[in-house]
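Taking it in order: structure first as structure tokens, then the write-up.
The values are calculated or read from the model by the stated rules, or taken from the named source; none is laboratory data. Every value quoted in this text rests on a predicted model; they were computed, and no experiment measured them. Every residue, glycine as well, gets a Cβ built from its backbone with ideal geometry; the counts of neighbours run over all protein chains shown.
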Amino acid sequence: GAVVSQHPSRVICKSGTSVKIECRSLDFQATTMFWYRQFPKQSLMLMATSNEGSKATYEQGVEKDKFLINHASLTLSTLTVTSAHPEDSSFYICSAPISSTGELFFGEGSRLTVL
Amino acid sequence: DAKTTQPNSMESNEEEPVHLPCNHSTISGTDYIHWYRQLPSQGPEYVIHGLTSNVNNRMASLAIAEDRKSSTLILHRATLRDAAVYYCILRDSGGANNLFFGTGTRLTVIP
């Protein structure tokens, strides 16, 4: 079946540095991908919609200059957390839809810890 | 997207059936009912979805009320690997593909 893969699965960084998370659709093309953030014991919150070949669409309250999204190809979207701070520590999850069914496939998630 | 209401948590004994309820009284005629589940420290995975008729697949069954204002996800025989948070989500067939997650039901399976 279709698979969405994220890398890295875990990352620890120092405050003030930038971290890039990759999301790949492995056996299908995705013109759209979605980025979610999940804090401990909470539900997933949609951050932004990544669009291949155009600018991402951000949800209200999500800073686009802090969370840079690039959808460079039909199988790759990246999320860069710029100048990360401890409050950015979270579980980041991407997903991509299968157009024929509308089903969403999710990546394994990337756990970011900012020291 | 219309809102759903689910119990925060449920427990089930291993190898017994589990019925996970979801209320969606403001559902519109074009909303599909989707269920996803999230195992600890993993991304969510698709379970099942339906519109009006009951649906069965290898993972579960989905029973949809006649007025569509509620639905029930049925796990026929719970295993320890089914312990997860189960999310019931409505998605407009004509809308965007993104999903808005509620709080879900945390299912605990007791050995």
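Points worth noting:
Yes or no, residue by residue, for (1) crowded, with 17+ Cβ neighbours inside 10 Å; (2) among the small types (Gly, Ala, Ser):
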{"position": "A:Gln6", "(1), (2)": "yes, no"}
{"position": "A:Val11", "(1), (2)": "yes, no"}
{"position": "A:Arg24", "(1), (2)": "yes, no"}
{"position": "A:Lys41", "(1), (2)": "no, no"}
{"position": "A:Ser50", "(1), (2)": "yes, yes"}
{"position": "A:Gly53", "(1), (2)": "no, yes"}
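- B:Leu90 vs. criteria within 30 Å of A:Tyr58 (Cα to Cα), assigned to a loop (DSSP other than H, G, I, E, B), in contact (Cβ under 8 Å) with a residue 24 or more places away in the chain and within 14 Å of chain A (Cβ to nearest Cβ): no
- Some residue of the stretch B:74-86 being at pLDDT 95 or above and within 12 Å of chain A (Cβ to nearest Cβ): yes
- Entry remark, the stretch B:55-81: residues being outside any strand (DSSP E or B) and surrounded by 19 or more Cβ atoms within 10 Å (Cβ to Cβ) number 2 in total.
- Test: B:Ser25 is of a type outside the set (D, E, K, R), exposed (fewer than 13 other Cβ atoms within 10 Å of the Cβ) and out of contact with any strand residue (DSSP E or B) (no Cβ under 6 Å at 6 or more places or on another chain): yes
- Residue tally, condition surrounded by fewer than 17 Cβ atoms within 10 Å (Cβ to Cβ), assigned to a strand (DSSP E or B) and among the small types (Gly, Ala, Ser), over the stretch A:71-85: 2
- Residues (among the small types (Gly, Ala, Ser) and away from chain A (no Cβ under 14 Å)) located in the stretch B:26-59: B:Ser28, B:Gly29, B:Ser53
- Pairs are defined by a Cβ separation below 8 Å, a sequence spacing of at least 6 or placement on different chains, a first member in the stretch A:1-27 that is more than 14 Å from chain B (Cβ to nearest Cβ) and within 20 Å of A:Thr113 (Cα to Cα), and a second member that is surrounded by 13 or more Cβ atoms within 10 Å (Cβ to Cβ) and basic (Lys, Arg); the pairs so defined are A:Val11/A:Arg111.
- The listed residues are A:Tyr58, A:Tyr36, and the only one of them that is of a type in the set (Phe, Trp, Tyr), within 13 Å of chain B (Cβ to nearest Cβ), surrounded by 15 or more Cβ atoms within 10 Å (Cβ to Cβ) and under 19 Å from A:Arg111 (Cβ atoms) turns out to be A:Tyr36.
- Taking (1) surrounded by fewer than 19 Cβ atoms within 10 Å (Cβ to Cβ); (2) away from every other protein chain (no Cβ under 13 Å) in turn, A:Asp88 satisfies each apart from (1).
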